[in-house]
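Chemist: Can you keep this structure in mind? I'll have questions shortly.
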Amino acid sequence: MKEQLILQAYEIAKERYAALGIDTDAALKKLQDIQISLHCWQADDVTGFENAGSLSGGIQSTGNYPGKARNVEELRADIEMATSLIPGTHRLNLHEIYGEFGGKFVDRDEVGPEHFEGWMQWAAEKGMKLDFNSTSFSHPKSGDLSLANPDPEIRAFWIEHTKRCRAIADEMGRRQGDPCILNIWVHDGCKDFTVNRMKYRELLKESLDEILAKPYAHMKDCLEAKLFGIGLESYTVGSSDFYFAYCAKNNVIPTLDTGHYHPTENVYDKISSLLLFCPEVMLHVSRPVRWDSDHVTLVDDATTELMKELVRCDALGRAHIGLDYFDGSINRIGAYLIGTRAAQKSLLMALLEPLGTLRAYEAEGKNFQRLGLLELDKVLPWNAVWDYFCLKNGVPVGMEAIEAVEKYEKEVTSKR
Ligand code: RNT
Ligand code: ZN
């Protein structure tokens with residue numbers, strides 16, 4: 001796109017927003033500093049480097065688009081490509097199964113920081129910070145229950161795994177001089193009517209108490225709830241009630257995955273409640289289509305309302321924004337491009353909202369005016385501000401981004 005055109009459009013947009021008391025330059029300055037945590041598992045449909053069997057644990061990636069990353073080199077190349085198209089500096093969210101195990105079988109209760117040495121070095125070179133996840137799925141001991149398993153041996157195995165993941169996260173955080181955000185999600189649940197609901201939750205609570213007992217200085221723990229998993233439809237041990245209560249009581253960070261609630265539930269409405277009782281929140285921004293399908297994140301009401309809520313609650317400093325989707329049916333670099341930019345565009349819309357006026361209307365009981373301004377806000381030229389942001393960051397604007405993905409596919413991923 002012509003640079004001149006982008007600059008002209010920005011100047012007009014700047015004036016339109018200024019008339020409503022909004023400083024677009026200040027909004028862009030804030031956006032520049034927001035790091036999105038890119039989930040490494042979009043690059044290979046949650047396969048990882050363990051050479052294990054198929055994906056299990058109630059999650060499913062569908063689609064067989066050619067060119068997925070088959071090893072650490074390809075995965076890093078794809079992340080580098082994706083981030084070259086995304087304005088700003090971002091983080092990379094690794095799962096334990098993405099360790100570099102040197103061709104040996106390293107079981108989950110044997111993993112250590114040494115298996116992430118390559119990642120830590122690579123991330124430091126790229127100026128990218130790392131986040132981390134324990135992995136309870138896709139393993140012979142995964143079954144239906146891991147940390148809530150009544151079999152003491154299996155439970156001990158997963159407790160050891162999760163403790164080790166905390167130690168790895170702490171080492172990542174120490175090395176990068178910024179806390180590594182460790183997310184713990186376990187798939188534990190039952191397919192059908194469950195009569196020992198209390199028992200499994202007691203076990204999960206005990207496991208977590210043991211896992212989280214050791215304090216670390218360079219990592220932060222997050223617990224992710226879920227509504228149901230495939231094959232585990234009737235009962236989820238780590239439900240949102242369970243984790244919200246656990247997090248509030250133990251000062252732990254809850255993770256809100258936008259695909260993990262009833263389809264008519266508004267995830268954004270949880271932020272203001274949780275932040276009154278928990279230290280921070282972690283987000284897994286996703287897009288459920290009829291169920292927790294993990295479609296690519298878009299600029300839709302669910303995403304924009306979520307980001308607006310962070311701004312309205314003055315909570316940007318207390319929120320970790322990660323993505324969590326895995327679409328194997330389209331170009332996977334394209335999926336990173338669309339989803340990450342969608343999260344950023346939604347954040348930009350949130351930062352440009354005429355909040356002062358909206359709040360004043362609300363305080364004065366001017367409810368028509370509030371609704372009217374919210375509607376007007378939707379058609380303000382935020383897109384011109386976005387294009388300018390991309391231009392300023394030296395990343396492709398408009399159609400150029402799609403063309404860049406096509407070029408990488410032609411030259412790299414199609415040859416895999
Ligand atoms: C599963 C959870 C979890 C996973 C990743 C791979 O429903 O959302 O966050 O998607 O850990
Ligand atoms: Zn998630």
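Chemist: Take the alpha carbon atoms of the chain, find their radius of gyration, then divide it by 2.2 N^0.38 Å using N residues; give the quotient.
Modeler: So the chain has a normalised radius of gyration of 1.00.
Chemist: Now, a different point. Expected output is a single nm value to one decimal: the length gained when fully extending between VAL412 and ALA124, i.e. 0.36 nm times separation in residues minus the C-alpha distance. What is it?
Modeler: Extra length available between VAL412 and ALA124 comes to 101.2 nm.
Chemist: Work out how much length ASP151 to ARG197 would gain on full extension: take 0.36 nm times their residue separation and subtract the Cα-Cα distance, in nm to one decimal.
Modeler: Using 0.36 nm per residue and subtracting the Cα-Cα distance, I get 15.0 nm.
Chemist: Considering Cα pairs under 8 angstrom that are at least six residues apart, work out the relative contact order of segment 313-401 and quote it in whole percent.
Modeler: Numbers: 23 pairs, mean separation 16.7, N = 89.
Worked out over segment 313-401, it gives 19 percent.
Chemist: Measure up LYS104/LYS163; LYS141/LYS199; LYS129/LYS410; LYS14/LYS410; LYS220/LYS378 against 27 Å on the Cα-Cα distance and list the ones that go over.
Modeler: Violating the 27 Å limit, Cα to Cα: LYS129/LYS410; LYS14/LYS410; LYS220/LYS378.
Chemist: Further question: Kindly count the pairs of lysines across segment 237-369 whose alpha carbons are less than 27 Å apart, treating pairs on different chains or eight or more residues apart as eligible.
Modeler: Count of close lysine pairs: 6.
Chemist: If the elastic network links every pair of Cα atoms under 10 Å, which of VAL72, VAL186, VAL289 fluctuates the most in the Gaussian network model of the chain?
Modeler: VAL289
Chemist: Just add up the charged neighbours of ALA123: K/R +1, D/E -1, any other residue whose Cβ is under 10 Å from the Cβ of ALA123.
Modeler: Net local charge, ALA123 excluded: +4.
Chemist: Using the heavy atoms of the protein chains alone and a 1.4 angstrom probe, what is the accessible area of the chain per residue in square angstrom?
Modeler: Ligands and nucleic acids excluded, the result is 44 Å² per residue.
Chemist: Now for a different question. Could you give the longest part of the chain that holds none of the GluC sites (Glu not before Pro) found in DSSP loops with at most 13 neighbouring Cβ atoms within 10 Å?
Modeler: Maximal segment without exposed cleavage sites: 111-264.
Chemist: Mind checking which lysines have their Cα closer than 23 Å to the Cα of LYS415? Skip sequence neighbours fewer than 8 apart in that chain.
Modeler: LYS68, LYS407
Chemist: In the Gaussian network model of the chain, springs joining C-alpha atoms below 10 Å, which of SER138, SER56, SER234 carries the largest mean-square fluctuation?
Modeler: SER234
Chemist: In addition: Taking 0.36 nm per intervening residue step and subtracting the Cα-Cα distance, what contour gain separates LYS2 from ARG318 on full extension?
Modeler: Extending this stretch completely gives an extra 110.0 nm.
Chemist: Mind jotting down the distance between the C-alpha centroids of segment 26-105 and segment 214-263, whole Å?
Modeler: Cα centroid of segment 214-263 versus Cα centroid of segment 26-105: 22 Å apart.
Chemist: Sum up the charges of everything whose Cβ sits under 12 Å from the Cβ of TRP291, counting Lys and Arg as +1 and Asp and Glu as -1, but leave TRP291 out.
Modeler: 0
Chemist: Could you give the DSSP H helices of the chain that reach 20 angstrom or more along their long axis (alpha carbon positions) and whose average Kyte-Doolittle hydropathy is no lower than -0.5?
Modeler: The answer, listed by residue number, is 3-18, 332-351.
Chemist: Another question, if that's okay. For the chain, which span is the longest to avoid every loop-located (per DSSP) member of chymotrypsin sites (Phe, Trp or Tyr not before Pro) having at most 13 other Cβ atoms inside 10 Å?
Modeler: On the way: sites that count: PHE105, PHE193.
Between exposed loop sites, the widest span is 194-416.
The values are calculated or read from the model by the stated rules, or taken from the named source; none is laboratory data. Every value quoted in this text rests on a predicted model; they were computed, and no experiment measured them. Positions of Cβ are generated from backbone atoms using ideal geometry, with glycine treated the same way; all protein chains shown enter the neighbour counts. Just the protein is used for accessible areas: all its heavy atoms, side chains included, with ligands, DNA and RNA removed. Shrake-Rupley method; radii C 1.70, N 1.55, O 1.52, S 1.80 Å.
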